[in-house]
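> Can you read through this structure? Questions will come right after.
The values are calculated or read from the model by the stated rules, or taken from the named source; none is laboratory data. Please read all numbers here as calculations on a predicted model, not as lab measurements. FYI the Cβ positions are ideal-geometry reconstructions off the backbone, even for glycines, and counts take in every protein chain you see. Heavy atoms of the whole protein, side chains included, go into the accessibility calculation; ligands, DNA and RNA do not. Shrake-Rupley method; radii C 1.70, N 1.55, O 1.52, S 1.80 Å.
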Amino acid sequence: GENVEQHPSTLSVQEGDSAVIKCTYSDSASNYFPWYKQELGKRPQLIIDIRSNVGEKKDQRIAVTLNKTAKHFSLHITETQPEDSAVYFCAASIGTGGFKTIFGAGTRLFVKA
Amino acid sequence: GAVVSQHPSWVICKSGTSVKIECRSLDFQATTMFWYRQFPKQSLMLMATSNEGSKATYEQGVEKDKFLINHASLTLSTLTVTSAHPEDSSFYICSAGEGTANQPQHFGDGTRLSIL
């Protein structure tokens, strides 16, 4: 089955700096890669996603890149703000058989003011 | 946007009690819903895929007799933790997609279950 690895587990940056979180997946059939932000005790919120026919996607300060050959995908947050502090999860989804989503272990991002 | 409602948000009960958690898609139909378990400071672990009108598909290591899933309609899935024990204490969260592949999952608010 699919396995998603995520690094780093903890990331601390200064306000205004960039943050990068990297993930790898094992199943080449995965074709949808969402990123979620989860604040303490709350539901995961989708922040950006990318499909396997696209290499890069950007939404304001957030961008995601996908390298299908290497089975890598990354989240880039620029000009970080204290309110970006949260846990971020990458995920991989296979679009067949019920399109279940497997999550990475999460990255706890701290943005210091 | 798509909304998933999950109830109750918090349950505290005695060991041996069975607890039912409901997950509803409010403004869309969900043929498939997913149940996750999340321990403190850990990731979301997929427990099972809930299929409308058929049996749930459980992930390896998840006891189907302990975690009963029913998906009776296109907008409702329930998870029943049977004869709960303290080790079942966790954050349980459901999600649903809007029916097609390559679409984001929408999550409920989660249920914090504490077994005394």
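> Exactly one of (1) touching a helix residue (DSSP H, G or I) at 6+ places or on another chain (Cβ under 8 Å); (2) within 13 Å of chain A (Cβ to nearest Cβ); (3) among the hydrophobic types (A, V, I, L, M, F, W, C) is unmet by B:VAL81. Its number?
(2)
> Please enumerate the residues belonging to segment B:67-95 that are farther than 25 Å from B:LYS41 by Cα, open to solvent by 40 Å² or more (accessible area, probe 1.4 Å) and not hydroxyl-bearing (Ser, Thr, Tyr).
B:LEU68, B:ASN70, B:ALA72, B:LEU74, listed by residue number.
> Separate question: Within segment B:19-41, how many residues turn out to be modelled with pLDDT of 90 or more and farther than 22 Å from B:SER54 by Cα?
2
> Still on this structure, please answer the following. Considering segment B:42-83 alone, what residues qualify as being touching a Leu at 6+ places or on another chain (Cβ under 9 Å), outside any loop (DSSP other than H, G, I, E, B) and among the hydroxyl-bearing types (Ser, Thr, Tyr)?
B:SER50, B:THR78, B:THR80
> Going by what's in this entry, would A:THR80 be described as open to solvent by less than 20 Å² (accessible area, probe 1.4 Å), within 12 Å of the chain's Cα centre (by Cα) and more than 8 Å from chain B (Cβ to nearest Cβ)?
Criteria not met by A:THR80.
> In addition: Are there any pairs, at least 6 apart or on different chains, whose C-beta atoms fall under 7 Å, with the first in segment B:2-16 and in contact (Cβ under 8 Å) with a residue 12 or more places away in the chain and the second surrounded by fewer than 14 Cβ atoms within 10 Å (Cβ to Cβ) and of a type in the set (Asp, Glu), and if so, which?
Qualifying pairs under 7 Å: B:ALA2/B:ASP27; B:VAL3/B:ASP27.
> Can you tell me which residue in segment B:96-116 is surrounded by the fewest Cβ atoms within 10 Å (Cβ to Cβ), limited to those that are under 19 Å from B:VAL11 (Cα atoms) and either within 14 Å of chain A (Cβ to nearest Cβ) or without any contact (Cβ under 8 Å) to a residue 40 or more places away in the chain (or both)?
Across segment B:96-116, the extreme among qualifying residues is B:SER114.
> When only residues in segment A:59-77 that are over 24 Å from B:PHE107 (Cβ atoms) and of a type in the set (D, E, K, R) count, which is least open to solvent (accessible area, probe 1.4 Å)?
A:LYS71
> Does A:VAL4 satisfy the condition of being of a type in the set (Val, Ile, Thr) and surrounded by fewer than 18 Cβ atoms within 10 Å (Cβ to Cβ)?
no
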